[in-house]
Amino acid sequence: MSDPTMAPAMAWTEAVEYSANQGLLAKQLYVVLSEPTNGFGPVLANLEQHLRYQAKLEKDGVMFGAGPFAGADERNWEGSGMFIYRAGSLAQAREFAAADPMHACGARSYTVRTWLLNEGTVSLRMSFSGGRARLD
């Protein structure tokens, strides 16, 4: 591995290898940042189709997580959101994003970025008698 202090950047494969060698998760995922292109109206008009598509990706094992962003003052939702996909490549993640009805109709534009999940925790509490689960 090259000396990262001497270079303006590190090759992505080296970053993944470095993370794995440090005992980090090093799980490569794809983040989609989705922004309204022409105000909130077109987003709202396409929301049902978008949510159906998201549910299909979830069922197919593609969707790692998704949800809206609050506005800067946390008072409103202005139509932007983020999705995290499990995909075999950046090209495949872009195909998933392009097929989202929200993007296909032009209500939102999107950017797809490769992301490495290294740290974090998930806690799941299951109640057998109540048939409920809670994610903390």
Query raised in the report: On the given criteria, is GLN22 modelled with pLDDT of 95 or more and loosely packed, with under 14 Cβ neighbours inside 10 Å?
Result: yes
Query raised in the report: What are the residues in the stretch 29-69 that are touching a strand residue (DSSP E or B) at 6+ places or on another chain (Cβ under 6 Å) and not in a strand (DSSP E or B), if any?
Result: THR37, PHE40, VAL43, GLN54, LEU57, VAL62
Report task. Determine whether the stretch 24-35 contains at least one residue that is farther than 23 Å from ASN118 by Cβ and either free of Cβ contacts under 8 Å to residues at least 24 places away in the same chain or in contact with a helix residue (DSSP H, G or I) (Cβ under 9 Å, 6 or more places away or on another chain) (or both). Result -> yes
Query - SER19 vs. criteria of a type in the set (Gly, Ala, Ser) and within 19 Å of the chain's Cα centre (by Cα) - result: no
Query raised in the report: Looking only at residues in the stretch 68-86 that are surrounded by 15 or more Cβ atoms within 10 Å (Cβ to Cβ) and among the small types (Gly, Ala, Ser), which one is nearest to GLU35 (Cα to Cα)?
Result: SER80
Query raised in the report: Does the stretch 87-101 include one or more residues that are loosely packed, with under 10 Cβ neighbours inside 10 Å and within 15 Å of PRO36 (Cβ to Cβ)?
Result: no
Query raised in the report: Which of the residues spanning the stretch 102-117 are under 11 Å from the mean Cα position of the chain (by Cα) and surrounded by fewer than 13 Cβ atoms within 10 Å (Cβ to Cβ)?
Result: THR111, ARG113
Report summary line: Residue count, the stretch 43-67, condition under 13 Å from VAL31 (Cα atoms) and either touching a Pro at 6+ places or on another chain (Cβ under 8 Å) or surrounded by 14 or more Cβ atoms within 10 Å (Cβ to Cβ) (or both), comes to 4
Query raised in the report: Is it the case that some residue within the stretch 96-109 is under 19 Å from ALA45 (Cβ atoms), touching a strand residue (DSSP E or B) at 6+ places or on another chain (Cβ under 7 Å) and of a type in the set (S, T, N, Q)?
Result: yes
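The values are calculated or read from the model by the stated rules, or taken from the named source; none is laboratory data. Quick caveat, the model's predicted, so the values are computed rather than measured. With ideal geometry, Cβ positions are generated from the backbone for all residues, glycine too; neighbour counts draw on all protein chains shown.
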